[in-house]
Amino acid sequence: MLIKDARLLTGDGRDIPRGYVLMRDGAIVATGAGDAVDVPEGTTVVDARGKVVTPGLIDTHSHMGVYASPGVRAHADGNEMTDPITAGVRAIDAVWVQDPSLERALAGGVTTIQVLPGSGNLIGGRAVTLKLRRRTDAGSMRFVGAPDGLKMACGENPKRVYGERKRMPMSRMGNLEVQRQAFRDAKRLMAEWAEWRAKERERLEKLAIERRKFAAEEADRKAKTDRCDAGRIAPRTCRKWKAKWAAEPLVPPSDIGSLPPKADLDLETLAGALEGHILVHIHCYRADDMSRMIALADEMGFRVRSFHHALEAYKIRQSLALRQISVSTWADWWGFKMEAYDGIQENLALVSQSGGRAIVHSDSAEGVRRLNQEAAKGMWAGRHAGIDITSAEAMRWITLNPAWALGVEDRVGSLMAGKDADIVVWDRDPFSVYASAERVYVDGRLSFDRSAKAAPWSDFEAAPDEPPPPPTPKKEAL
């Protein structure tokens with residue numbers, strides 16, 4: 001399929017007034033300015049004159065599926081608030097694909113989301129990255145190859161949840177102590193595994209030597225036995241050999257090793273974060289809390305991939321940029337609790353100006369439908385403050401930067417040859433309050449078409465074309 005004559009906001013900083021995107025077999029084949037060349041015969045051509053084409057939008061912070069709509073207690077599966085450390089629980093085990101919010105997010109141009117556990121615990125569990133494709137089970141929505149995330153939290157939420165129960169943690173001191181101890185336990189488990197693996201390597205090396213010796217001795221005895229049976233060895237000698245072999249029978253070397261360390265899902269998850277293949281995402285508002293979490297990461301040996309909410313990121317923006325810690329935040333949510341009181345609308349722009357990775361996230365099944373408008377608000381606030389934020393840079397906040405935060409920047413986030421064909425066709429500049437996503441492609445497949453009527457994903461969106469007739473009034477009993 002060729003989409004031609006569109007304005008391209010590519011996600012990687014380019015703004016092409018008139019260009020094209022060629023996709024095949026679920027991937028982007030080529031993009032560029034002007035007219036496409038070498039278009040294969042039989043290509044479907046989409047005339048997008050007057051439209052704007054962008055990569056699919058990406059939300060780093062969602063609870064869709066684990067706090068599903070309708071919002072009733074039976075659908076509240078995002079917080080396992082039974083212990084401050086529940087690192088081993090996994091969001092994928094609770095995602096409900098019948099959540100109507102998933103399809104609504106797709107209609108807003110969002111193609112990839114990270115679903116996280118909530119922030120009631122200090123370490124809430126594993127997050128999962130999903131592609132918004134119509135599926136009947138959560139596992140088949142998983143973004144294949146995307147690393148898991150680890151949801152951590154600091155500040156008010158954990159200390160309120162457990163402080164009200166008169167148990168640790170009930171203060172910021174307690175928060176850090178419990179998190180520090182959890183990572184120390186994980187490092188101890190890693191040390192036990194390292195010791196066990198070293199002993200296993202040594203045992204297997206010795207076993208290989210013993211097996212070679214056994215095979216050589218077995219072959220030697222067989223050769224001697226064959227020679228005796230053939231009458232080529234004196235009977236007296238053969239009797240001596242057989243007597244010796246009877247007294248010293250060959251025993252194969254044992255392949256029984258020691259048991260590995262006891263499995264622990266919580267500590268194994270934290271070990272994954274320490275080893276770097278599980279990416280750490282931390283719910284944190286205040287600058288001092290973020291600084292403390294950075295100190296904890298330095299002490300324990302893990303890296304923070306993104307601070308979420310991060311309303312005071314602007315206060316330490318140079319440090320965050322230097323450490324390559326992304327900032328997943330809102331355009332203008334603030335003031336709903338004390339740690340959220342010092343937010344400013346220029347936060348995104350200031351982080352971006354300092355060379356940091358600014359990201360617009362939603363944390364909302366409603367806000368996820370308008371990530372483009374949230375980015376527009378952050379862009380406007382920056383410009384109003386004298387910070388030159390271009391449309392191309394603001395587009396990066398909802399495409400390539402979040403792709404990096406989720407560890408999938410080599411697959412999505414920009415209109416680049418070789419990447420997945422997750423593409424949105426907008427009816428106008430996506431930073432206009434009037435903009436709508438007309439078409440959304442996921443892996444090259446048309447997954448949403450505003451002009452076409454399709455069966456809804458969720459049973460909760462299903463309804464008859466005509467409203468049912470009103471019920472017949474019951475006759476009163478005489």
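What follows is calculated from the coordinates using simple rules that are stated; it is not laboratory data. Quick caveat: nothing in here was measured; it's all calculated off a predicted structure. Backbone-built Cβ (ideal geometry, glycine too); neighbour counts: all protein chains shown.
Name the residues of segment 117-135 whose amide N is less than 18 Å from a point 7 angstrom out from the Cα of residue 177 along the C-beta direction? It comes to 122-123, nothing else. For segment 7-19, 3J(HN,Hα) computed residue by residue from phi via the Karplus equation (6.51, -1.76, 1.60; θ = phi - 60°) reads 6, 10, 9, 7, x, 9, x, 9, 10, 9, x, 9, x Hz, glycine and proline entered as x.
For the chain, a simple Cβ point-charge model (Lys and Arg +1, Asp and Glu -1, everything else neutral) yields a dipole of about 2060 debye relative to the Cα centre.
Computed 3J(HN,Hα) for segment 226-231, one whole-Hz value per residue from the Karplus formula 6.51 cos²θ - 1.76 cosθ + 1.60 where θ = phi - 60°, is 4, 5, 5, 5, 7, x, glycine and proline marked x. Cross-link partners for residue 377 among the lysines, with Cα-Cα distance under 24 Å and sequence neighbours closer than 8 places in the same chain left out: 51, 315, 337.
Taking a cut-off of 16 Å between Cα atoms, list the aspartates and glutamates near residue 213, but don't count ones fewer than 8 places away on the same chain. Hits, sequence-local ones excluded: 205, 248, 255.
Summarising the amide proton neighbourhood of residue 447: residues at separation of 5 or more, or on other chains, whose placed amide H is nearer than 5 Å comprise 440, 441, 442.
Only four residue types carry charge here, +1 at the Cβ of Lys and Arg and -1 at the Cβ of Asp and Glu. Report the dipole size of segment 185-247 about the Cα centre in Debye, rounded to the nearest 20. Walk me through the numbers on the way to the answer.
On the way: 20 positive and 12 negative charges, 111 e Å.
The dipole of segment 185-247 has a size of about 540 debye.
Using θ = phi - 60° in the Karplus curve 6.51 cos²θ - 1.76 cosθ + 1.60, the 3J(HN,Hα) couplings for segment 133-139 round to 10, 5, 9, 9, 8, 5, x Hz; x is entered for Gly and Pro.
If a spin label sat at a point 7 angstrom from the Cα of residue 250 along the line to its beta carbon, the backbone N atoms of segment 207-227 nearer than 15 Å would be those of 210-227.
For residue 283, nonlocal amide neighbours, meaning residues 5 or more places apart or on other chains whose placed amide H falls under 5 Å from its own, are 152, 153, 154, 308.
Could you pull out the pairs from 206/242; 4/453; 224/244 whose alpha carbons sit more than 23 Å apart here?
Details: 206/242 28 Å; 4/453 25 Å; 224/244 13 Å.
The pairs that break the limit, which is 23 Å between Cα atoms, are 206/242; 4/453.
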